[in-house]
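Data block below; observations after.
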Amino acid sequence: RFEREARAVAALSHPNILAINHIGVEGDELYVVTELLEGESLADRLQQGALPVRKAVEVAVAIARGLGAAHEKGIAHRDLKPANVFLLVDGQVKILDFGLAREVTAASGATATQAALTDPGTVLGTAGYMAPEQIRGQQVDGRADLFALGIVLYEMLTGTRAFARETTAETLTAILKEDPPDLTTTRADLPPALDRIVRHALEKNPAERFQSARD
């Protein structure tokens, strides 16, 4: 399954998705060789605080373009978060671990991933960035990535996580039942239209969100 996912992502060849150059096996270990990136992750950049509105929009648009290309091929990321977005020194944006995150075994309590790949109702993703349908263990599609993009854009604009709480359980409950604080209370320079875009991406019901990354 891991190899099949890797080959599917390798075939995407999109400027906003990390390129996979080679897939091989060494002994019992499967490995992938990717392009070399120079820069920093969005997570590292956000440690310095919120991004300028223009920069946040540019990054979000680049992510949406990468998501759209993958969704058109039937591949959903399922673990989009700042740590999986890379900002290159030349300004380019790359999505990392596209389509591969669901194949990785969880190493910490912060991430719940799929242990048995064929088990129904299994939760996968990172707690603060999962869509409600992911938390419920329901089948997900690209619209879950759009919910995560809404969270990432909110964080880029405010410097804070939209649904962060003291515990993982409280964070998941907030995603299911609460709305994040108003963006306009944090950013007076925020265009109202951008606030509406974030809100639309963060609709609890996937049928009420943007229906595609192209949208």
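Since every read-out is calculated from the coordinates, none of them should be taken as a lab result. Predicted model, so just to flag it, every value in this text is computed and none were measured. For neighbour counting, all protein chains shown are included, and Cβ atoms are generated from backbone atoms with ideal geometry for every residue, glycine included.
For residue 54 and residue 199, what does the FRET efficiency come to when R0 = 30 Å and r is the distance between their Cβ atoms, rounded to the nearest 0.05? Efficiency at R0 = 30 Å is approximately 0.90. Computed from the Kirkwood radius of its Cα pairs, the Stokes-Einstein diffusion coefficient for the stretch 14-91 at 4 °C and 1.567 mPa s stands at 91 µm²/s.
Pairs of alpha carbons in the stretch 1-49 separated by more than 16 Å make up 52% of all such pairs. The angle between the Cα long axis of helix 168-177 and the longest principal axis of the Cα atoms of the chain comes to about 60 degrees, rounded to the nearest 10. Take every DSSP beta bridge whose two residues both sit in the chain; close to 95 percent of them are antiparallel. Of the peptides 176-187, 152-163, 41-52, 130-141, the ranking by mean beta-carbon count within 10 Å, highest at the top, reads 152-163, 130-141, 41-52, 176-187.
Whole-percent P(r), the stretch 120-190, all Cα pairs, 5 Å bins from 0: 3, 17, 27, 24, 16, 8, 3, 1, 0. Applying the Kirkwood pairwise sum to the alpha-carbon positions of the chain produces a hydrodynamic radius of 17.6 angstrom. When the C-alpha to C-alpha distance is required to be over 23 Å, the pairs from 73/94; 55/94; 55/177; 94/177 that qualify are 55/177; 94/177.
Helix 53-72 versus the longest principal axis of the chain: what angle, 0 to 90°, nearest 10, using Cα atoms? Relative to the chain, helix 53-72 is tipped by roughly 40 degrees.
Each Cα pair under 8 Å and six or more residues apart adds its separation to the average, and for the chain the resulting relative contact order is 19 percent. In Å, the Kirkwood hydrodynamic radius of the stretch 152-215 over pairs of distinct alpha carbons? Taking every pair of different Cα atoms in the stretch 152-215, averaging 1/r and inverting gives 12.7 Å.
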